[in-house]
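A.B. asks: One structure, pasted below without further comment.
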Amino acid sequence: MQKYRIITYGCQMNVHESEKIAGILTKLGYTEAKEGEDADVVVFNTCCIRDNAERKAMGHIGMLKTEKKKNPSMIVAVVGCMTQQDGAGKALREKFPFIDIVLGTSNLALLETYIPSVAASRGKYVDIDENELPPINENESFYRTSGTNAWLNIMYGCNNFCTYCIVPYVRGRERSRTKEAIKDEFLRLVDEGYKEITLLGQNVNSYGKDIYGGEYGFADLLEELAKVGGKRRIRFMTSHPKDFNRKLIDVIAEYPNICNNIHLPVQSGSDKILKLMNRHYTREYYLDTIAAIREKLPDCGITTDLMVGFPYEEECDFLDTLDMVERVRYSNAFTFVYSVRKGTPAAKMPQVDPEVAKDRIMRLIAAQNKITKELSKEYENKVYEILCEDFSPNKKGCVCGRTDSGRLVTFEGGGDLIGKFVNVRITRSQSASLFGVTEE
Ligand code: 5AD
Ligand code: SF4
């Protein structure tokens, strides 16, 4: 049996796209190589959101050179966001001539024809969608690897052009799937027994604008999916604060199967920086949205993305970001140092001293850690319904799963609990980690 290995970098979208790649390879008769086992096909599914993501992928691709020398028939493919940057496909092939296939973000399906071609003739294929993106392919088969949770893409691309971000350039404009296609896939996942389904899009809140105008939006879609019978959880990400509306809050409040867990990236707490970032909201507008969420969904876990060191960021702007963190009290925050992305407007702006940015990220992480720890304490001695996801990666004899609000809980138990809803009393917390015991 021929084996494959997929190495994935980046966001959930990429994780899900790797399931698509695995689906194609399975169809071609390959099976996944176990840890340490040689592979006949190696696929790198890359990310380019920040410089370190790119450097990591480049390093790993480079390391494959010796493996390829030992096994010249091994097929190496590089796909995804990194290849989609200006001239990147050609540059990759020049730097690493042993790469056989380079594909972009929306033509992954071509692997199905290119892999057998390379296997037969050792030809080389570089195929990036540089112009018009192809229509959405509704005939994909996935090889889902995510256990109890299934990812479901509702849209592709992004129209927002935040001035720091490469995503709209490498993933193209927003393209929504039809509500029928999404509902069909949702029902299939329900039939297959998934207990949690996560709807994915770069900005789920603008779902449907391209195909339904203002007639049918994300709140309508979410409500329809929530009405499907049976016990399960629905999550979604990511939300852009400018499009997060009150109707959506009402739908989340009405249906208990929609998780009280919202990822609402704020990026910065400074109005000056938000404007320079082209985010189309002010700190006041964002805080009003948070207040509306807290009013209707008091137990909602709110998470965010934060960036420091964006061009023109001064100490007073950074203090506004710290103030935002203190006010909102996020249950978790993903913190980043701004990374210059060639071709984006912010790349041409004056850059902040890296030492200053480093100092700010440390202070930001410390502030958020303190809040996370305090919020964790509030979970102690209370009982939560947990969807048990897997064995604990760190604690023997334990399993783990999440609260509705998205917090990870580790508790004693065996494999029989995986995929089940269990009541767990939180007995102890340690920074972001919660530990508990099952209750009747
Ligand atoms: N530099 C640093 N962080 C970035 N992000 C996006 N682009 C950049 C960049 N150029 C962050 C944002 C976004 C998250 C997915 O990645 O915070 O919300
Ligand atoms: Fe990038 Fe902004 Fe689009 Fe998010 S909304 S993917 S940060 S351009």
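The values are calculated or read from the model by the stated rules, or taken from the named source; none is laboratory data. On a predicted model such as this, the values are computed, not experimentally measured, just so you know. Note: ideal-geometry Cβ built from the backbone for every residue, glycine included; neighbour counts use all protein chains shown. Each accessible area value is taken on the protein alone, full model and side chains, heavy atoms only, with ligands, DNA and RNA left out. Shrake-Rupley method; radii C 1.70, N 1.55, O 1.52, S 1.80 Å.
A.B. asks: What are the ³J(HN,Hα) couplings of the stretch 195-212, residue after residue, when phi is run through the Karplus curve with 6.51, -1.76, 1.60 and θ = phi - 60°? Round to Hz, x for glycine and proline.
C.D. replies: With coefficients 6.51, -1.76 and 1.60, one gets 8, 9, 10, 10, 7, 10, x, 5, 8, 4, 5, 9, 3, x, 4, 6, 10, 10 Hz.
A.B. asks: Under 19 Å between alpha carbons, and skipping anything fewer than 8 positions from residue 373 in its own chain: which lysines qualify?
C.D. replies: Partners found: 382.
A.B. asks: Taking the dipole about the Cα centre of the chain, with the C-beta of Lys and Arg at +1 and of Asp and Glu at -1, give me whichever of 276, 410, 302 is farthest to the positive side.
C.D. replies: 410
A.B. asks: Further question: How do 11, 47 stack up against each other in accessible area, from largest to smallest, with a 1.4 angstrom probe? Mind dumping the intermediate values first?
C.D. replies: Working: 11 55, 47 15 Å².
Heavy-atom accessible area, descending, gives 11, 47.
A.B. asks: Take the stretch 354-421, compute every pairwise Cα distance, and split them into 5 Å bins from 0; I just need the percent in each bin.
C.D. replies: For the stretch 354-421, the binned pair fractions read 3, 15, 19, 15, 15, 11, 9, 7, 4, 1, 0 percent.
A.B. asks: While we're looking at this one, here's another question. Considering the chain as a Gaussian network with a 10 Å cut-off on Cα pairs, which listed residue, 209, 396, 179, attains the greatest mean-square fluctuation?
C.D. replies: Of 209, 396, 179, the Gaussian network model singles out 396 as fluctuating most.
A.B. asks: Now for a separate question. Can you work out ³J(HN,Hα) from phi for every residue in the stretch 351-363, in order, using Karplus 6.51 cos²θ - 1.76 cosθ + 1.60 and θ = phi - 60°, giving whole Hz and x for Gly and Pro?
C.D. replies: 8, 7, 4, x, 5, 5, 4, 5, 4, 5, 5, 5, 5
A.B. asks: Residue 70: which lysines have alpha carbons under 29 Å from its alpha carbon, excluding same-chain residues fewer than 8 sequence positions away?
C.D. replies: Excluding near neighbours in sequence, the set is 3, 20, 27, 34, 56, 90, 95, 124.
A.B. asks: OK, next. Once ligands and nucleic acids are excluded and a 1.4 Å probe is used, how much of residue 65 is accessible, expressed in Å² to the nearest 10?
C.D. replies: So the heavy atoms of residue 65 present about 110 Å² to solvent.
A.B. asks: Top mean-square fluctuation among 147, 172, 419, Gaussian network model of the chain, C-alpha springs under 10 Å?
C.D. replies: 147
A.B. asks: What does the accessible area per residue of the stretch 232-330 come to in Å², with a 1.4 Å probe and no ligands, DNA or RNA counted? Walk me through the intermediate numbers first.
C.D. replies: Values: 3720 Å² over 99 residues.
I get 38 Å² per residue for the stretch 232-330.
A.B. asks: If you don't mind, there's one more thing I want to ask. What does the charge dipole of the stretch 321-440 about its Cα centre add up to, to the nearest 20 debye, if the Cβ of each Lys and Arg holds +1 and the Cβ of each Asp and Glu holds -1?
C.D. replies: Numbers: 19 positive and 16 negative charges, 106 e Å.
That gives a dipole near 500 debye.
A.B. asks: Report, to the nearest whole %, how much of the accessible area of the stretch 159-260 belongs to carbon and sulfur atoms, 1.4 Å probe, protein only. Write out the running numbers ahead of the final one.
C.D. replies: Working: 1960 of 3910 Å².
Of all accessible area on the stretch 159-260, carbon and sulfur atoms account for 50 percent.
A.B. asks: If you don't mind, another one. Counting Lys and Arg as +1 and Asp and Glu as -1, each charge on the Cβ, what is the dipole of the chain about the Cα centre in debye, to the nearest 20?
C.D. replies: Values: 60 positive and 62 negative charges, 181 e Å.
That gives a dipole near 860 debye.
A.B. asks: Compute the Rg/Rh shape ratio of the stretch 203-335: radius of gyration over Kirkwood radius, all on alpha-carbon atoms. It would help to have the intermediate numbers written out before the result.
C.D. replies: Details: Rg = 15.7 Å, Rh = 15.7 Å.
Computed over Cα atoms, the ratio is 1.00.
A.B. asks: Moving on to the next point. About the Cα centre, and with charges only on the beta carbon of Lys, Arg (+1) and Asp, Glu (-1), how big is the dipole of the stretch 260-303? Nearest 20 debye, please. Intermediate values should be presented prior to the final figure.
C.D. replies: Details: 6 positive and 5 negative charges, 39 e Å.
Roughly 180 debye for the stretch 260-303.
A.B. asks: Here's something else I'd like to know. Taking +1 at the Cβ of each Lys and Arg and -1 at the Cβ of each Asp and Glu, which of 24, 7, 41 sits farthest along the dipole of the stretch 1-42 towards its positive end, judged by Cα position relative to the Cα centre?
C.D. replies: It is 24.
A.B. asks: Once phi is turned into ³J(HN,Hα) by the Karplus curve 6.51 cos²θ - 1.76 cosθ + 1.60 with θ = phi - 60°, what whole-Hz value does each residue of the stretch 179-194 show in order, with x for glycine and proline?
C.D. replies: 4, 5, 5, 5, 4, 4, 5, 4, 5, 5, 5, 4, 4, 6, x, 5
A.B. asks: Using a Gaussian network for the chain with springs between C-alpha atoms less than 10 Å apart, which of these wobbles most: 381, 14, 205?
C.D. replies: 381
A.B. asks: Moving on to the next point. Amide H of residue 233 versus every other amide H placed in the peptide plane: which residues, excluding those fewer than 5 positions away on the same chain, fall under 5 Å?
C.D. replies: Here 196, 197 satisfy the definition.
A.B. asks: Taking the Kirkwood radius as the inverse of the mean 1/r across Cα pairs, report the Rg/Rh of the stretch 147-219. Mind dumping the intermediate values first?
C.D. replies: Working: Rg = 13.6 Å, Rh = 13.2 Å.
Taking Rh as the inverse mean 1/r over Cα pairs, Rg/Rh reads 1.03.
A.B. asks: Could you tell me, in Å, what Rg and Dmax come out for the Cα atoms of the chain?
C.D. replies: 22.4, 64
A.B. asks: Pairs of lysine in the stretch 205-313 with Cα under 22 Å and at least 8 positions apart or on different chains: total? Numbers along the way, then the final one.
C.D. replies: Values: 209/242; 209/247; 227/247; 227/296; 242/272; 242/275; 242/296; 247/296.
For the stretch 205-313, qualifying lysine pairs total 8.
A.B. asks: Provide the solvent-accessible area of residue 288, counting protein heavy atoms only and rolling a 1.4 Å probe, rounded to the nearest 10 Å².
C.D. replies: Surface open to solvent at residue 288 totals about 80 Å².
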